[in-house]
Amino acid sequence: MAMAVEGTHWRQIQRSHFNHMAQKYGYSQGAEAQIQHLIEATPRVIEEVSHQLPADFSPPLADAIFSGLTASALMLLNMPAS
């Protein structure tokens with residue numbers, strides 16, 4: 001994880017935390033543009049990566065990873081920005 005915070009439970013990190021940290025460290029606009037880009041790019045990235053997987057890559061594992069990425073993007077989408 002890029003944000004190494006001791007004792008943090010990753011499921012408790014909110015969209016507003018990213019914006020707060022961006023502002024705290026001099027990015028006055030917050031991280032909304034980057035967060036929105038991640039949300040919008042997730043389906044395309046999943047599609048592209050799925051076509052690059054080796055033929056013997058486990059379909060259940062790929063589905064689990066892609067489902068997790070999709071769920072995370074949806075969670076971010078539905079979180080308040082502040």
If we keep only residues of region 29-46 that are closer than 20 Å to I13 by Cα and among the charged types (D, E, K, R), then the residue surrounded by the most Cβ atoms within 10 Å (Cβ to Cβ) is E32
Scanning region 51-80 for residues that are farther than 16 Å from H37 by Cβ, small (G, A, S) and touching a residue at least 12 places away in the same chain (Cβ under 8 Å) gives A62
Of the residues in region 47-82 that are within 24 Å of Q12 (Cα to Cα) and among the β-branched types (V, I, T), the one that is surrounded by the fewest Cβ atoms within 10 Å (Cβ to Cβ) is T70
Residues of region 36-60 being under 12 Å from the mean Cα position of the chain (by Cα) and acidic (D, E), in sequence order, are E40
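Where a number appears in this text, it was derived from the coordinates with a stated rule and is not lab data. Just so you know, these numbers come straight off a predicted model, no measurement behind them. Cβ atoms come from the backbone with ideal geometry, glycine included; neighbour counts cover every protein chain shown.
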